[in-house]
Amino acid sequence: MLPWILTALLALALAAALLKLYLTWKSLDEIAQALGALLSQDTNNLLFSPSRDRHVRRLASALNVQLRLLRDQRRRYRSGDRELKEAVTNISHDLRTPLTAICGYLDLMEREEKPEAVARYLALVGGRVEAMKLLTEELFRYSVVLCGEEALRPEPVCLNGAVEEAAAGCYAALTARGITPDIRLCTKQVVRLLDRGALARALGNILGNAVKYSAGDLEIVLEETGELVFANTAPGLDGVQVGRLFDRFFSVEAARNSTGLGLAIAKALVERMGGRIEARYEGERLEIRMRF
């Protein structure tokens, strides 16, 4: 009789242990799901565990401490990042006025009688000032895009027509480099909900990149899926450089009059409109793929 009683007690103890283990696993799964939700949201809520297990409660308490620290760091980062972007915007905006004045004085000096050496130096100064103006303008546009000061106005936009307009707008720059683009658009109209101005700027910057890096060719393909591919031969690049094309202020020696901000602006605009953009390089051929 005694062995049966012991067996029953052991079975009850095992069942109780298995039940406790199951409840503990369930509580841990709930904590994991709640933690993922809290990290993906901008909220001040904390983890709550209904479990009576002291170890599970201790884990939830420790995670709440780390959540508070993470939120404080995120808040300080956002505040500092916003202040930096606003400062860059203000500085780039303030630089416009003196640069415009310098350009005006240079124009006046070019009309005056001057020795050949002075004319040569003035031409060099004028070239540096134009480069500074270009960099300031691009920096201002980039900071405005990042700060989100320009509210996007989504509307139905036909990508077929947008690509044609962008190519036509860059026709003079392309032909000056001897580039005749091979444009292949799908017959079906690809319509997406996008900001027309932001899309035009992104496409223009990508085409401008082709002007800088292309060896004389450019292929533009639009698929029915909404994927847009810009491909050209770029022997002056390598895989490492292509991996940094979307970095701020990155440019290579092969670039002409580059500020290093054109593709960074395009990437920021595409992502703000819910799209994705990436660069690939294989066999001296550069591909920039955009998806909406």
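The values are calculated or read from the model by the stated rules, or taken from the named source; none is laboratory data. Keep in mind that what you see is a predicted model, and the values were worked out from it rather than measured. Glycine gets a Cβ as well: all are built from the backbone with ideal geometry, and neighbour counts include every protein chain shown. In case anyone asks, the SASA skips ligands and DNA or RNA and just uses the protein heavy atoms, side chains included. Shrake-Rupley method; radii C 1.70, N 1.55, O 1.52, S 1.80 Å.
Name the residues whose placed amide hydrogens come within less than 5 Å of the amide hydrogen of residue 195, ignoring near sequence neighbours (fewer than 5 apart) on the same chain. Residues meeting the criterion, in which the H sits 1.01 Å from N, are 155. Largest mean-square fluctuation among 238, 29, 94, in a Gaussian network model of the chain whose springs join Cα atoms under 10 Å apart, belongs to 29. Restriction of the trypsin sites (Lys or Arg not before Pro) in segment 171-216 to DSSP coil positions whose beta-carbon has at most 10 other beta-carbons within 10 angstrom yields 188. Helices that extend 30 Å or more along their long axis by alpha-carbon positions and average at least 0.0 on the Kyte-Doolittle scale are, among the DSSP H runs of the chain, 2-40, 116-147.
Under the simplified labelling scheme, the residue 4-residue 102 pair shows an inter-label distance of 10.2 nm, with each label point 7 Å from Cα along Cα→Cβ. Rolling a 1.4 angstrom probe over the chain with all protein chains present gives an accessible area of which 57% lies on carbon and sulfur atoms. The residues of the chain expose on average 63 square angstrom of accessible surface per residue, using a 1.4 Å probe on protein heavy atoms.
Return the whole-Å distance between the Cα centroid of segment 1-41 and the Cα centroid of segment 209-234. Here the answer is 58 Å between Cα centres. For segment 181-229, just say rounded, prolate or oblate: build the C-alpha gyration tensor, square-root its eigenvalues into a ≥ b ≥ c, call rounded for a/c under 1.5, and beyond that prolate if a/b exceeds b/c, oblate if not. Oblate, because a/c is 1.5 or more while a/b does not exceed b/c. Distance between the modelled labels on residue 173 and residue 137, one decimal in nanometres: 1.0 nm (7 Å Cα→Cβ projection).
Placing +1 on each Lys and Arg Cβ and -1 on each Asp and Glu Cβ, with no other charges, gives the chain a dipole about its Cα centre of roughly 1560 debye. Here the extension length gained between residue 119 and residue 17 equals 27.5 nm, from 0.36 nm per residue of separation less the Cα-Cα distance. With Kirkwood radius over Cα pairs in Å in mind, check (i) 19.2; (ii) 20.1; (iii) 24.2 and report the label derived from this structure. Calculated Kirkwood radius over Cα pairs in Å: the matching label is (iii).
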